[in-house]
1. Is it the case, given these coordinates, that Val42 is touching a residue at least 24 places away in the same chain (Cβ under 8 Å), more than 30 Å from Ala140 (Cα to Cα) and not in a helix (DSSP H, G or I)?
2. Given the condition within 30 Å of Val18 (Cα to Cα) and either touching an Asp or Glu at 6+ places or on another chain (Cβ under 8 Å) or touching a residue at least 40 places away in the same chain (Cβ under 8 Å) (or both), answer yes or no: does some residue in region 66-81 qualify?
Amino acid sequence: MADMFVTLGTWNWLIVGVLLMGLELLAPGVFMFWLGLAAFLVGLLSFVVTPSWQLQLLLFAAFAAAAVPIWRRVARQKPGTNPNPFLNKRSDALVGRVCTLEKPIVDGEGIVRIDDTVWRVAGPDTPAGSKVKIVQADGASLTVAAV
């Protein structure tokens, strides 16, 4: 076992680093990636300096331990911000828009065309051609109010 540690070299660390990063593809969880990156950094450092095997193991442990707080900081950089908050919620993106009724609202139900889609709307009885504002979205049905 001690002979294995003595023969640790640059290429061994680089190969182990690439293998660990490759394992991340099979079992995603962003854990193996950081260990692989630590091994890869030790391998790159071994190109510049020729540290003893003890120092190589210490560097690997230090890089692996430092990766955890770094990853947490990167992962929590902008919590709660979503570049597209209406992804898969198309109807919610319509709230606040003003549009024209295509068919009148009779007995609380009517139809409005928004862009290239026809939507069922609910609201107070209103004649066709009137301007309405979308105040609530519930699945495929929109609630409107007269403008």
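The values are calculated or read from the model by the stated rules, or taken from the named source; none is laboratory data. Only a predicted model underlies this, so the values are computations on that prediction, with no experimental measurement involved. A quick note on method: Cβ atoms are made from the backbone with ideal geometry, for glycine too, and the neighbour counts reach across all protein chains shown.
1. Values: touching a residue at least 24 places away in the same chain (Cβ under 8 Å): yes; more than 30 Å from Ala140 (Cα to Cα): yes; not in a helix (DSSP H, G or I): no.
No.
2. Yes; the residues of region 66-81 include at least one that is within 30 Å of Val18 (Cα to Cα) and either touching an Asp or Glu at 6+ places or on another chain (Cβ under 8 Å) or touching a residue at least 40 places away in the same chain (Cβ under 8 Å) (or both).
Residues checked against (1) modelled with pLDDT of 90 or more; (2) outside the structural domain of Val18 (by TED's automatic domain parsing):
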{"site": "Leu44", "(1), (2)": "yes, no"}
{"site": "Ala65", "(1), (2)": "yes, no"}
{"site": "Thr81", "(1), (2)": "no, yes"}
{"site": "Pro85", "(1), (2)": "no, yes"}
{"site": "Leu94", "(1), (2)": "yes, yes"}
{"site": "Asp107", "(1), (2)": "yes, yes"}
{"site": "Ile111", "(1), (2)": "yes, yes"}
{"site": "Val135", "(1), (2)": "yes, yes"}
{"site": "Ser141", "(1), (2)": "no, yes"}
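For (1) within 14 Å of Ala145 (Cα to Cα); (2) of a type in the set (D, E, K, R); (3) surrounded by fewer than 13 Cβ atoms within 10 Å (Cβ to Cβ), each residue gets a yes or a no:
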site: Val74; (1), (2), (3): no, no, yes
site: Leu87; (1), (2), (3): no, no, yes
site: Ala93; (1), (2), (3): no, no, no
site: Lys103; (1), (2), (3): no, yes, no
site: Gly108; (1), (2), (3): yes, no, yes
site: Ile111; (1), (2), (3): yes, no, no
site: Asp115; (1), (2), (3): no, yes, yes
